[in-house]
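What follows is one structure encoded as structure tokens, with my remarks underneath.
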Amino acid sequence: MLRSAAIAKAIALALLCFCGPASAQAPLKIFDAHLHYNWEPKPYFQLDQVLELFRRNGVAGILATSRPNDGTRALVDAKPPGLWVVPFIRPYRTRPDIQTWFNEPAIFELVQEEYKRGYYKGIGEFHIYGKTAGTEWVKKIVNFAVEHDLYLHAHCDEEALLILFGHNPRAKIIWAHTGFTTSPQRVEQLLKDYPALTGELSYRSGITEGGGKISSAWRDLFARNSKRFLIGSDTWVNERWASYDNLMKEYRAWLAQIPRDQAENIAYRNAETMFGGKLTD
């Protein structure tokens, strides 16, 4: 009897260790897929402060952009241990370029020249709305991205999104903010229609409801499409840097409400697949 009881206790202990609660799992790694380290004329945080911010928030990878591209180059050149930097070319020199870049041949030249550095994985984030996406220079940039296997990070409405894909159906587009307010049902249809479309979730409304509870519509959408989304901070103004800790806490809060495999896809595994790398532990 004693021997049987001892065996049963040992089995129970082994099962407990193997199947422990979710809270005992390793903290979720995060890839920040919408980061701006702008230098106008200097960054809000110095480089060492930014790297410490990532470290304490468990951010082990970033999609790095800046206006101008000096900040991105600084992050790449730093080669920070434990941080995977995926650089994108931003087609802006100064803030006013946001309003005119899609009609400027000089911006296309900027993209071509910056690409020669040899380490960029994409172009963007850029802002484009409606029929302004149909210009000759936007089409040139889309085709350049396809030719060089680069992603496009587009802050756009649905009309512009469809025009971008119309320029070249082989385009790979990260949809910044996933349309802001586009219904989950329409988002899912677009994901079906365009297999190379990925949604990025900063500023995206409707994911959570009162009390931070994930909405049923988004829970269902993630259950079917967790391999099609990324998360990001969108540090476009200094206030976003100042609230970076809270932004990451908010992501972790709703990611903890969905199955771990889905959460890992959205938090970092999709970025690993898309950009061909791996986050360190």
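General observations
- Members of segment 169-193 found to be within 24 Å of D32 (Cβ to Cβ) and touching a helix residue (DSSP H, G or I) at 6+ places or on another chain (Cβ under 8 Å), listed by number: A171, K172, I173, W175, T178, G179, T182, P184, V187, L190, L191
- Scanning segment 136-156 for residues that are assigned to a helix (DSSP H, G or I) and in contact (Cβ under 8 Å) with a residue 24 or more places away in the chain turns up W137, V138, K139, K140, I141, V142, N143, F144, A145, V146.
- Condition check for W236 on (1) surrounded by fewer than 21 Cβ atoms within 10 Å (Cβ to Cβ); (2) in a loop (DSSP other than H, G, I, E, B); (3) touching a helix residue (DSSP H, G or I) at 6+ places or on another chain (Cβ under 8 Å): one failure, at (3).
- Annotation: P96 fulfils all but one of (1) on the phi < 0 side of the Ramachandran plot; (2) within 21 Å of the chain's Cα centre (by Cα); the unmet one is (2).
- Residue match in segment 3-14 (condition: touching a Leu at 6+ places or on another chain (Cβ under 7 Å) and either at pLDDT 90 or above or of a type in the set (V, I, T) (or both)): no
- Residue match in segment 267-281 (condition: on the phi > 0 side of the Ramachandran plot and of a type in the set (G, A, S)): yes
- Matching entry among K172, K121, K139, K192 (being surrounded by 15 or more Cβ atoms within 10 Å (Cβ to Cβ), of a type in the set (K, R) and within 29 Å of S215 (Cα to Cα)): K172
- G210 being out of contact with any Leu (no Cβ under 9 Å at 6 or more places or on another chain), modelled with pLDDT under 95, among the small types (G, A, S) and surrounded by fewer than 21 Cβ atoms within 10 Å (Cβ to Cβ): yes
- If only residues of segment 267-281 that are aliphatic (A, V, I, L, M) and assigned to a helix (DSSP H, G or I) are counted, the one that is nearest to G232 (Cα to Cα) is A267.
- Tally of residues being hydroxyl-bearing (S, T, Y) and either within 18 Å of D281 (Cβ to Cβ) or at pLDDT below 95 (or both) across segment 19-76: 2
- Pair list, Cβ under 6 Å, 6 or more apart: segment 182-207 residue on the phi < 0 side of the Ramachandran plot, other residue assigned to a loop (DSSP other than H, G, I, E, B) and not hydroxyl-bearing (S, T, Y): E200/G232; S202/G232; S202/D234
- Residue in segment 126-135 that is closer than 23 Å to A271 by Cα, touching a residue at least 40 places away in the same chain (Cβ under 8 Å) and surrounded by 20 or more Cβ atoms within 10 Å (Cβ to Cβ) present: no
The values are calculated or read from the model by the stated rules, or taken from the named source; none is laboratory data. Only a predicted model underlies this, so the values are computations on that prediction, with no experimental measurement involved. Neighbour counts are summed over all protein chains in view; Cβ atoms, including those assigned to glycine, are modelled from backbone coordinates with ideal geometry.
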